[in-house]
Amino acid sequence: MGLNTNDRSIAGFTMAGHSLVHWFETSIPIFLVVWLAEFDVSLLVLGLVLAPSYGLFGFGALPAGVLADRFGAKRLILLCLAGMSAAFVLIAGAAYVDSIYAIAFGLLLWGLAASVYHPAGLALISTGVEERGTVFAWHGIAGNIGIALGPFVAATLLIFLEWQYVAAILAIPGFIAAVYGLQADFDATAAVEENVDAGSDDALTLGDFLSNSRTLFASAFAVVFVIVTFEGLFYRGMLTYLPEILHGLPVMEGIDIGAGLEGIEPADYIYVGLLVVGMAGQYAGGKLTDRFAAERGLMVIFAILALLALVFVPVSSIGLVPLLALCGVIGFFLFAIQPFYQEAVAVYTPADTRGLSYGYTYLGEFGLGSASIAAGGFVLGSFELVYFFAMLSGFALIGAALSIGLHVAVSHRQSTTTDASA
């Protein structure tokens, strides 16, 4: 990767953590069909079992960010890896006590452990890595690998093994990564200036939390937080409903992918392909953060996403090849934007509150952003498909407008500073 030793060590550690968070996250829905039959419960009950764990994944990011500043990112990531793996062992054990409540408890433990990763991992990259854009790129690619491999491996293993054995097997990479992390050696504050204290704190009070939060939201970070929230609304809405939308498109009717692949729809391959193309987007976005200001990249990519959402319905009606091309472009830019907002947080927040900053960031991304799941379900159930994509386009346009505002404000401030020093 052309990185120095410290950057390389942090990159390897955080890439392992990021891929495994999404490895576990996206494998969970694969088990739902099995659990419906195994425990003879309704989809509503399983939804109520699953929802709190995903809620913790998003809303737990804020306290996790506070803890990252208090105890250090490496400790938190190790606990995250061990906790997620232990949760899946507990879920596997639910088969032997024949209890849906044991599964619910295991899922809650997973959500609590998983919520730690993003604020801790990104705080570590932002304070410890010199080539931040490059590592953000590889870090994002690792997450996409986990997103794609998690459901693929789970579904494949379920063909041959009982679900409890599959859950236990999925836990093994997490334990291995935790052992690897224990011996990982790096300086977590190597990219911070010598006169800035970015290490873990000896104490943390409610007053410190409130004071640091006020400082953050009195700065440009307040705008960045809202920008990330609208990115989360677009991201969650798109990825949650796109597989179902693809399945229902007229252009997909009559397409046969061959014998021996019953139960696998062509739309599934398109969706996985979108995620794979997203790896290239992550890499390109990360590299471009070294060349362009974060707010410039955000406003351009938001504008592109808004346009892509608006043209989805007319393009999908033309034919399969245009649909494939459009999904590839959506996948590229949907993930290319992420390194830019991660860089924006690093640029517009103090190093000593970086964990808290990323905690708020992923509260917006995964917590508040999940509101588009409810909104999207309502729109899709009540109106034509075009209105759903119009809603997504609106989210992107608001993000673009906020990014333009941030760019103008930053440019004005820099101009004023230059004039004052002249």
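The values are calculated or read from the model by the stated rules, or taken from the named source; none is laboratory data. Given the structure is predicted, the values throughout are model-derived calculations rather than measurements. Note that each Cβ is placed from the backbone with ideal geometry, even for glycine, and that neighbours are counted across all protein chains shown. Accessible surface is based on the protein model in full, side chains and every heavy atom, while ligands, DNA and RNA are left aside. Shrake-Rupley method; radii C 1.70, N 1.55, O 1.52, S 1.80 Å.
Contact list please: Cβ distance under 8 Å, first residue in region 146-159 and free of Cβ contacts under 8 Å to residues at least 40 places away in the same chain, second residue part of a helix (DSSP H, G or I) and open to solvent by 40 Å² or more (accessible area, probe 1.4 Å), pairs at least six apart or on different chains.
Note: pairs meeting the criteria are L157/Y165; L157/I169.
Select, from I330, I398, the only residue that is closer than 15 Å to G237 by Cβ, assigned to a helix (DSSP H, G or I) and either under 17 Å from the mean Cα position of the chain (by Cα) or among the charged types (D, E, K, R) (or both). Give the steps one after another, and end with the answer.
On the way: I398 fails: either under 17 Å from the mean Cα position of the chain (by Cα) or among the charged types (D, E, K, R) (or both).
That would be I330, the only listed residue that is closer than 15 Å to G237 by Cβ, assigned to a helix (DSSP H, G or I) and either under 17 Å from the mean Cα position of the chain (by Cα) or among the charged types (D, E, K, R) (or both).
Which ones in region 328-349 are over 20 Å from S403 (Cα atoms) and either among the aromatic types (F, W, Y) or surrounded by fewer than 24 Cβ atoms within 10 Å (Cβ to Cβ) (or both)?
Taking region 328-349 as the starting set, the residues that turn out to be over 20 Å from S403 (Cα atoms) are 328-329, 331.
Correct list: G328, V329.
Give just the number: which of (1) open to solvent by less than 60 Å² (accessible area, probe 1.4 Å); (2) closer than 22 Å to G150 by Cα does A64 not satisfy?
(2)
Do we find that F39 is assigned by the TED database to the domain that holds V153 and within 15 Å of the chain's Cα centre (by Cα) in this structure? Lay out the reasoning, then the answer.
On the way: assigned by the TED database to the domain that holds V153: yes; within 15 Å of the chain's Cα centre (by Cα): no.
Considered against the rule, which asks whether it is assigned by the TED database to the domain that holds V153 and within 15 Å of the chain's Cα centre (by Cα), F39 comes out as no.
Would region 74-96 turn up any residue that is at pLDDT below 85 and surrounded by fewer than 20 Cβ atoms within 10 Å (Cβ to Cβ)? Working first, answer last.
Initially, region 74-96 is screened for residues at pLDDT below 85, giving none.
Among the residues of region 74-96, not one is at pLDDT below 85 and surrounded by fewer than 20 Cβ atoms within 10 Å (Cβ to Cβ), which makes the answer no.
So, in region 226-242, of the ones that are within 20 Å of G328 (Cα to Cα) and open to solvent by 30 Å² or more (accessible area, probe 1.4 Å), which residue ends up farthest from the chain's Cα centre (by Cα)?
This residue is Y241.
State all residues of region 250-275 that are modelled with pLDDT of 80 or more, buried (at least 17 other Cβ atoms within 10 Å of the Cβ) and out of contact with any Leu (no Cβ under 7 Å at 6 or more places or on another chain); if no residue qualifies, say none.
L274, L275, listed by residue number.
Can you tell me how many residues in region 280-318 are open to solvent by 70 Å² or more (accessible area, probe 1.4 Å) and within 19 Å of the chain's Cα centre (by Cα)?
2
Sort out which residues of region 1-34 are more than 15 Å from the chain's Cα centre (by Cα) and modelled with pLDDT of 85 or more, and write them in order of number.
Passing the criteria: N4, T5, N6, D7, R8, S9, I10, A11, G12, F13.
Taking the criterion of being modelled with pLDDT under 85 and assigned to a helix (DSSP H, G or I), would at least one residue in region 336-351 satisfy it?
The answer is yes, given that some residue of region 336-351 is modelled with pLDDT under 85 and assigned to a helix (DSSP H, G or I).
For A123, state whether it is small (G, A, S), touching a Cys at 6+ places or on another chain (Cβ under 6 Å) and either open to solvent by 10 Å² or more (accessible area, probe 1.4 Å) or within 27 Å of P350 (Cα to Cα) (or both). I'd like the intermediate steps shown before the answer.
Details: small (G, A, S): yes; touching a Cys at 6+ places or on another chain (Cβ under 6 Å): no; either open to solvent by 10 Å² or more (accessible area, probe 1.4 Å) or within 27 Å of P350 (Cα to Cα) (or both): yes.
Against the criterion (small (G, A, S), touching a Cys at 6+ places or on another chain (Cβ under 6 Å) and either open to solvent by 10 Å² or more (accessible area, probe 1.4 Å) or within 27 Å of P350 (Cα to Cα) (or both)), A123 does not qualify.
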